[in-house]
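Reviewing the structure listed below.
The values are calculated or read from the model by the stated rules, or taken from the named source; none is laboratory data. Fair warning: this is a prediction, and the values are worked out from it, not measured in the lab. For neighbour counting, all protein chains shown are included, and Cβ atoms are generated from backbone atoms with ideal geometry for every residue, glycine included. These accessible areas exclude ligands, DNA and RNA; they are computed on the full protein's heavy atoms, side chains included. Shrake-Rupley method; radii C 1.70, N 1.55, O 1.52, S 1.80 Å.
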Amino acid sequence: MHRHHTAAALLALALVAGCASRTVPSSTYAQLGGAAGVEGIVDDLLNAIVDDERINQQFANADILRLREKLIERICAESDGPCTYTGLTMEESHAGRHITDAQFNALVEDLIQVMTARGIPVRAQNRLLLRLAPMHGDIVTP
Ligand code: HEM
């Protein structure tokens with residue numbers, strides 16, 4: 001009887017483990033490191049932007065604390081994390097800034113560098129980038 005219970009418990013454990021590792025793939029959000037990971041990515045990205053002469057002039061008058069909060073929400077939401085984005089649309093927030101293709105690419109390059117430095121798997125990086133790519137048309141407005 002005791003052996004029987006043990007076997008049942010092991011079976012249940014195996015099923016749970018099986019679900020976690022196979023049936024349900026690890027979400028992009030989890031692979032970014034969850035809430036702490038996304039916050040870290042955004043903080044590193046903001047630092048990289050400030051150091052990046054190709055784009056930092058665009059952020060000269062930015063409200064960095066608000067930008068940080070909204071970027072965290074957006075990246076969390078786009079990686080299917082448990083967040084709701086409460087900021088402006090990409091069209092509203094980038095209108096009239098004359099953001100170029102080269103500047104868009106520079107920011108993406110900074111993001112990739114930050115994620116790579118943090119050890120984010122390339123597949124998870126690409127899943128996030130695929131969700132950001134369609135925003136290009138609303139952000140780049142020559
Ligand atoms: C996929 C790429 C991008 C994403 C996901 C993104 C996301 C955001 C978000 C969430 C906000 C805040 C909106 C709000 O305040 O409600 C914002 C604002 C802003 N973004 Fe972007 N952005 C991207 C690309 C860029 C690029 C390439 C530039 C310029 C090189 C840029 C410059 C700005 C500026 C200047 C602001 C306003 C900051 C302020 O005045 O407080 N963004 N962006």
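Surface composition of region 28-139: carbon plus sulfur atoms hold 55% of the accessible area, using a 1.4 angstrom probe and ignoring ligands, DNA and RNA.
Computed from label points 7 Å out along Cα-Cβ, the spacing between ALA117 and THR86 is 3.0 nm.
The packing ranking of peptides 128-134, 73-79, 104-110, highest mean first, is 73-79, 104-110, 128-134, where packing means the average number of other beta carbon atoms within 10 angstrom of each residue.
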